[in-house]
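Okay, structure first, notes after.
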Amino acid sequence: PFVEALEAFRRLRSILCAPLKVKDEALGAIYVDNRLHAGIFSQDHLNLLSAIASSAAIAIENARLYQVAVEKGRMERELQMARRVQASLFPEEMPQLEGWEFAARWLPARVVAGDFYDVIPLEGGQLGLVIADVTDKGMPSALLMALTRSILRASLEGAPSLAHAIAKANRLICADSKLGMPVTLFCARLDPVSALLTYVNAGHNPPLLWRSASGELRELTRTGMVLGVDETTPYEEGSTTLEPGDVLLLYTDGVTDAIDLSEQQFGLERMRAAFTGKPGASATAILSRITLAIERFAGAADPFDDIALLVAKR
């Protein structure tokens, strides 16, 4: 083929070529040749070909930009649909239990998120309270979030203990997830009658428990490793009782990691101040106070990470 191409090139007598350019970018060229006569192309021919090339280049670039816009629009529609599907996985409304208040909020940094909360009705009138954070952001973490939610709900069904349920969920996540994206999770079982809270903290930010009577702020520390790393890891349970007026705050690290325009972090102390700032407030008011404090701190800065919050008050 090379020899044939070389021979064809030797037979050429006249060549005319003009670039297809948009601004300073070359998209290609228009090429004309003649194998019979030499010197038949003039400056006028080159000017005409250059004019044609200029128009053609603009048309090609417009067509390319149109295809890019169509593709971008399709991807945007798919992302918005993914967001609606993900949002449908969250509880439609908080439980209405006598003597209890619940409030929650989900604030993704992008269209979809890896952070989530859940409120799960369990046997015996008990309630499952969940907050979790899949590593990273965006679509991969959102897909693993949906998987984790389904696995956790299935694992809690009929489990002899909360620790047993989380260990089972961890084994299933390790088996199904090949992406190497760990999941931090806090899962609690609340008995609304006795106010006993049994919990497992799988490598998650310790939730805050504010004691109304003493003003003490307690952390519900970790009782096991993150999910999705080691299928053999054991989990232990912690427990506490919520007294009248006590408030429990579950949150993901998007709260404390929120940044302002100077890239300073919101931090744990600011979150604690917003959480305990007005004793006696309702769960909804406490949640609104925390999110407003984050918004005022961050200002015009883009969201740094996904945020999920869940407040329970007796």
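Across all C-alpha atoms in the range 177-253, the radius of gyration and Dmax reach 14.1, 47 Å.
With only the Cα atoms considered, the range 15-68 has a convex hull volume of 77 Å³ per residue.
Looking at the range 145-214, the pairs of alpha carbons with a distance over 21 Å make up 32% of the total. Could you identify which residue out of P303, P160, P19 has the top mean-square fluctuation in a GNM of the chain using Cα springs shorter than 10 Å? In this elastic network of the chain, the residue with the biggest mean-square fluctuation among P303, P160, P19 is P19. Normalised per residue, the accessible area of the chain is 53 Å², obtained with a 1.4 Å probe and no contribution from ligands, DNA or RNA.
For the chain, a simple Cβ point-charge model (Lys and Arg +1, Asp and Glu -1, everything else neutral) yields a dipole of about 780 debye relative to the Cα centre. Give the lysines whose C-alpha is closer than 28 Å to that of K168, dropping any in the same chain fewer than 8 places away, or say none. Straight-distance partners of K168: K137, K178.
Size descriptors for the range 88-160, from the alpha-carbon set: Rg then Dmax equal 13.4, 39 Å.
Electrostatic tally near I15: other residues with Cβ closer than 11 Å to its Cβ, Lys and Arg +1, Asp and Glu -1, net +1.
Largest GNM mean-square fluctuation across A69, A202, A283, computed for the chain with C-alpha springs under 10 Å, falls on A69. In this entry, the range 32-154 is assigned a mean projected area of 13.7 nm², taken as a quarter of its C-alpha convex hull surface.
In terms of its Cα atoms, the chain spans 102, 42, 30 Å along the principal axes, sorted from long to short. A simple count of charges around P206, restricted to other residues whose Cβ falls under 12 Å of its Cβ and scoring Lys, Arg +1 and Asp, Glu -1, yields +1. Summing +1 for each Lys or Arg and -1 for each Asp or Glu among the other residues whose beta-carbon sits under 12 angstrom from that of A188 gives -2. The charge dipole of the range 1-158, taken about its Cα centre with unit charges on the Cβ atoms of Lys, Arg (+1), Asp and Glu (-1) only, comes to about 980 debye. Using C-alpha pairs below 8 Å separated by at least 6 residues, the relative contact order for the range 209-314 is 33 percent. Select from I151, I58, I120 the residue whose mean-square fluctuation is largest in a Gaussian network model of the chain (Cα-Cα springs shorter than 10 Å). Result for the chain, Cα springs under 10 Å: I58 fluctuates most.
Dipole size of the range 274-314 about its Cα centre, with +1 on Lys/Arg Cβ and -1 on Asp/Glu Cβ: approximately 420 debye, rounded to the nearest 20. Averaging the Cα positions of each part gives two centres, and for the range 263-314 and the range 64-127 these lie 19 Å apart. Specify whether the C-alpha gyration tensor of the range 179-314 places it in the rounded, prolate or oblate class, a ≥ b ≥ c being the square roots of the eigenvalues: rounded for a/c under 1.5, otherwise prolate if a/b is larger than b/c and oblate if not. Because a/c hits 1.5 or more and a/b fails to exceed b/c, the range 179-314 counts as oblate. Within the range 1-130, what whole-number % of the accessible surface is contributed by carbon and sulfur, with the 1.4 Å probe and all protein chains included in the calculation? Roughly 58 percent, rounded to a whole number. Here the average projected area of the convex hull drawn through the C-alpha atoms of the range 245-314 stands at 4.2 nm².
The values are calculated or read from the model by the stated rules, or taken from the named source; none is laboratory data. In this text, all values refer to a predicted model and were calculated from it rather than measured experimentally. Heads up, the Cβs are rebuilt from the backbone with ideal geometry, glycines too, and the neighbour counts pull from every protein chain shown. Just the protein is used for accessible areas: all its heavy atoms, side chains included, with ligands, DNA and RNA removed. Shrake-Rupley method; radii C 1.70, N 1.55, O 1.52, S 1.80 Å.
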